[in-house]
Amino acid sequence: MLHVLLCGGSGTRLWPLSNRQTPKQLLPLFDGQSLLQLTWQRNGTFCDGVVAVVNEQQAEMVTKQLQEAGADNVQLMAEPVGRNTAAAIALSAFTADAETILLITPADHLIGTPDIYTDTISKAAELAAEGHLVTIGLQPAYPETGYGYIQYAGHDVVRFTEKPNAVTAEAMLKSGDYLWNSGIFCGKAGVLLQQLQQYAPEIYYAAAEAAEIWKRTGSIPLPAMEAIPSDSIDYAVLEKSSIVKVVPSAMQWSDVGGYEALAEALANHYRYSNNQAVFIESDPVNSMVIGKDKLVALVGVENVVVVNTPEALLILQKGKGQEIKQLHQWVKENRPELL
């Protein structure tokens, strides 16, 4: 099995901690390790090698972090411009033998319960060996509106559903036959390419040309990358294909999609300490300070995340994490040098 590591990211949701050069998967926040390194480590035991698809700006840092984590069989595909997940996955599939199972994972997920994860991937690989494309679905813990859902029966996919509103998400949770779409899936390289050719031929043929150039030169020129239509693998293939299966999983999972999720992950699973901050009539259990270049004092405030970086200081009320996108847009328009 070959691990396809999707390393794209623009550093939006955890700004100012993350930025274009250092998106969230490259931040060494988890006992000194990054999400990228943790992702490689949990998959390295059952994968024979890694294809890392990465933005050109981040190629050097991705290579360095994977080497530091112990990866010694890595192919790096540096994209001069991002064209979404279908393009990245197509490029990696063209580098592999047709019978090789590709395990495709984002680089920015945090997963607990390693035994459950290993068992989940093992079941998915068995179905992939039979010629299916296999996605991992997560047992939903609450009516999340920020994730896609998969309606399922056993291992059969009934339908994919995009991010629902709150009422629909609540109904999905109560029905018991919906899963969160994790964004992790696997399948033989040849099967994946055949499905791309059938359902997204423009992506297939343009990616074939770009991959051929990469094989010859070790790089992808900008015109070849821009020629690939931009689409997600879900829209391009998975939602259309008749050979998709799903493996339900109860593993602990987070896409660390904002500061609330980051604070929860650090507090619950890692040896995080607020020692660089002082709390006066404030609860250090419900608030978090990230950053160590100066003392941060919280006086009489609760449920906040303070992010202290050389470029900017963020004070975030918990529950308002989605507003970071609005802040990021403001910075992009008014202070782009900070991104």
Worksheet entry | Probe 1.4 Å - accessible area at K64, Å² to nearest ten | 110 Å²
Worksheet entry | Cα centroid separation - the stretch 89-127 against the stretch 44-72, whole Å | 15 Å
Discussion item. Given Cβ point charges of +1 (Lys, Arg) and -1 (Asp, Glu) and nothing else, what value in debye, to the nearest 20, does the dipole of the stretch 1-63 about its Cα centre take?
Written reply: 240 debye
Fill in: Segment T45-E202, extension gain: residue separation times 0.36 nm, minus the distance between their alpha carbons
53.0 nm
Fill in: Partners for K24 among aspartates and glutamates (Cα-Cα distance below 19 Å; same-chain residues under 8 apart left out)
E56, E60, E68, E79, D108, D255, E260, E264, E311, E323, E337
Worksheet item: Taking 0.36 nm per intervening residue step and subtracting the Cα-Cα distance, what contour gain separates I213 from V278 on full extension?
Response: 17.9 nm
Worksheet item: What angle do you read, to the nearest 10 degrees and between 0 and 90, between the alpha-carbon axis of helix 259-269 and the longest principal axis of the chain?
Response: 90 degrees
Practice prompt. Please work out the C-alpha center-to-center distance from the stretch 226-254 to the stretch 194-214 and express it in whole Å.
Written response: 17 Å
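Please compute the net charge surrounding V53, taking Lys and Arg as +1 and Asp and Glu as -1 over other residues with Cβ under 12 Å from its Cβ. Mind showing how you got there, number by number?
On the way: positive: R83; negative: E56, E79.
Neighbour charge sum, excluding V53 itself: -1.
Please report the net charge: other residues with Cβ closer than 11 Å to the Cβ of Q25, K and R +1, D and E -1.
Working: positive: K24; negative: D108, D255.
Residues close to Q25 contribute a combined charge of -1.
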Item to complete: Report, in degrees rounded to the nearest 10, the 0 to 90 angle that the Cα long axis of helix 59-69 makes with the longest principal axis of the chain.
Response: 80 degrees
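Return the FRET efficiency for the residue pair E130, N73: r is the Cβ-Cβ distance, R0 is 30 Å, and the value is rounded to the nearest 0.05. Intermediate values should be presented prior to the final figure.
On the way: r = 26 Å, r/R0 = 0.88.
Efficiency at R0 = 30 Å is approximately 0.70.
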Discussion item. With a 1.4 Å probe and all protein chains kept in place, how do E333, E281 rank by accessible area, largest first?
Written reply: E281, E333
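About its Cα centre, what dipole magnitude does the chain give when the only charges are +1 on Lys and Arg Cβ and -1 on Asp and Glu Cβ, stated in debye to the nearest 20?
Working: 23 positive and 37 negative charges, 70 e Å.
With only Lys, Arg, Asp and Glu charged at Cβ, the dipole is about 340 debye.
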Item to complete: For every helix of n ≥ 4 consecutive DSSP H residues, a contribution of -39,500 (n - 2.57) applies; sum these over the chain, divide by its total residues, and give [θ] at 222 nm rounded to the nearest 500 deg cm²/dmol.
Response: -10000 deg cm²/dmol
Worksheet entry | Solvent-accessible area of W330 with every protein chain in place, 1.4 Å probe, in Å² to the nearest 10 | 140 Å²
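Compute the signed sum of charges (Lys and Arg +1, Asp and Glu -1) over the other residues within less than 14 Å, Cβ to Cβ, of I213. List each step's numbers first, then the result.
Details: positive: K215, R216; negative: E79, E209, E212, E226.
Spelling it out: positives minus negatives among the neighbours equals -2.
Taking a 1.4 Å probe, which of I280, I315, I324, I213 shows the most accessible area, and what order do the others take after it? Could you put the intermediate results ahead of the total?
Details: I280 80, I315 120, I324 5, I213 40 Å².
Reading off the accessible areas and sorting them downward yields I315, I280, I213, I324.
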Discussion item. Using only the alpha-carbon atoms, how far is helix 324-334 inclined from the longest principal axis of the chain? Give it as 0 to 90 degrees, nearest 10.
Written reply: 90 degrees
Worksheet, complete the sentence: Classified through the alpha carbon gyration tensor (a ≥ b ≥ c as square roots of its eigenvalues; rounded if a/c is under 1.5, else prolate when a/b is larger than b/c, else oblate), the stretch 239-335 comes out oblate
Worksheet item: Where a ≥ b ≥ c are the square roots of the eigenvalues of the C-alpha gyration tensor, would you call the chain rounded, which needs a/c under 1.5, or, failing that, prolate if a/b is larger than b/c, or oblate?
Response: prolate
Discussion item. Which of rounded, prolate or oblate describes the stretch 1-105 when judged by the alpha-carbon gyration tensor and an a/c cut-off of 1.5?
Written reply: oblate
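The values are calculated or read from the model by the stated rules, or taken from the named source; none is laboratory data. This one's a predicted model, so the numbers in the text were calculated from it and none came from an experiment. Reconstructed Cβ throughout: ideal geometry from the backbone, glycine too, with neighbour counts over all protein chains shown. When the accessible area is computed, the model is the full protein with side chains, heavy atoms only, and any ligands, DNA or RNA have been set aside. Shrake-Rupley method; radii C 1.70, N 1.55, O 1.52, S 1.80 Å.
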